[in-house]
Amino acid sequence: MLEKIDLEAVVAIAKEAGNAIMKIYEKDFSVEYKEDDSPLTEADTKANEIICSALEALYPNIPIMSEENKQTEYELRKNWEYYWCIDPIDGTKEFIKKNDEFTVNIALIHKNTPVLGVVYAPAIDEMYKAKKGEGAFKNNQKLPLQTNETPEKKLTVVASKSHLSQETQEFIDNLDAQEIEQISRGSSLKLCMVAEGVADIYPRLAPTMEWDTAAADAVVRESGKMTYEFQSKKPVQYNKKNLLNPWFVVQ
C-alpha cells in the first residue's frame, strides 16, 4: 500500500490547506470553544474539509482520523491496516496569537506506526516531509541538517510554548550536560526541530493527542531519531484505544 501513496500529492494537499488557512489568518476571525475547552476557528474547519475531501478522492479505501471529525469506535478502527491521521491546524493557540508557529499535519499510519508524514508551517513556508525508507526532508533538504558531536558539553532542548508542565521543566533541569540551552516553539515544529538537528531533545511530560504528533513523528523516525514513551522507553504507538499519547521524549 505504501508504495502506492504519492508523497508529493500529500504535500500539495497540505499546501492547499495552508493557503486557505493563511487567507483566514490575515483577517479578523472568530474563535469558538469545543466541549474540552480547546479552541476552534473557521481555519481549522476549512483546512479539515480540504484535506479530507482530497484524500478521500485520491485514496477512497483508506480511512481517515482527524481531530475535527467524529472519532470511529475502537472496535472498528483497531482492524485498520492503514489510515490517515490528521490535525488540520496543530497549534491553534499559536494561530490565535498570530505568532506563526502552527502547522498542517497529515500522517499515514500502518497499524500502529507512522510511515508517512507531511508537516507544513504556512506562515513561515516550512515544509517537512517523510516516507518510510525514503528519508526525511525540510524544504527538500535531507534531514538531519546538523548533528551535535558533543552532547555532553551542550544540549539544546526544545519545549512547548503554550504547555510547559512542571514535570517537563524538572526533566530538563536534570539533564546531564555542562550547558543546557532551552528554547520554545509552538505546535509539531518541536519534533521537526529534533529531526532537523537544531534541537537535541524534546521532552513532553504533558498531554497530547495522537494527531498532534503523528505526522512529525514520521519525519523524526526517517531522520534517524525516535519518539520514545517516557516510562517504557519504547517507540510511541498509534491507533490505541485511548487516543491520548503517553508522556514522551524525542531524541
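The values are calculated or read from the model by the stated rules, or taken from the named source; none is laboratory data. Remember, it's a predicted structure, so these values are computed and weren't measured experimentally. So basically every Cβ, Gly included, is an ideal-geometry build from the backbone, and we count neighbours across all protein chains shown. Protein only, heavy atoms only, side chains kept; ligands, DNA and RNA dropped before computing areas. Shrake-Rupley method; radii C 1.70, N 1.55, O 1.52, S 1.80 Å.
Data for the structure
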| item | result |
| --- | --- |
| Other-chain or far-sequence residues with amide H under 5 Å of Q182's (modelled H) | V157 |
| Cα gyration tensor shape for region 136-198, rounded if a/c is under 1.5, else prolate or oblate | oblate |
| Dipole in debye (nearest 20) - the chain, about Cα centre, beta carbon charges: Lys, Arg +1; Asp, Glu -1 | 520 debye |
| Alpha-carbon Rg with Dmax, taken over region 75-219, Å | 15.6, 50 |
| Placed amide H near S223: partners under 5 Å, 5+ positions off or other chain | none |
| From the C-alpha gyration tensor of region 59-117, square roots of 5λ in Å | 26, 13, 9 |
| q = 0.10, 0.12 Å⁻¹, region 7-108: log10 I(q)/I(0) [Debye, one scatterer per Cα] | -0.28, -0.41 |
| Within region 133-149, backbone nitrogen closer than 18 Å to the virtual label 7 Å beyond the Cα of E181 toward Cβ | 144-149 |
| Accessible-area composition of region 102-251, carbon plus sulfur, in percent [1.4 Å probe] | 46 percent |
| Average accessible surface area per residue within the chain, 1.4 Å rolling probe, Å² | 47 Å² |
| Stretch in the chain that is longest and holds no trypsin sites (Lys or Arg not before Pro) that DSSP places in a loop and that have at most 15 other beta carbons within 10 Å | 154-232 |
| Inter-label distance, nm, simple model (7 Å from Cα along the C-beta direction), K15/K27 | 2.4 nm |
| Neighbourhood charge, 9 Å Cβ-Cβ cut-off, centred on G117 and excluding it, Lys, Arg +1 and Asp, Glu -1 | +1 |
| Estimated FRET transfer efficiency (E8, S53; beta-carbon r; R0 22 Å; 0.05) | 0.75 |
| Two-decimal Rg to Rh for the chain - Kirkwood Rh, Cα set | 0.95 |
| Inter-label distance, nm, simple model (7 Å from Cα along the C-beta direction), R77/E134 | 2.5 nm |
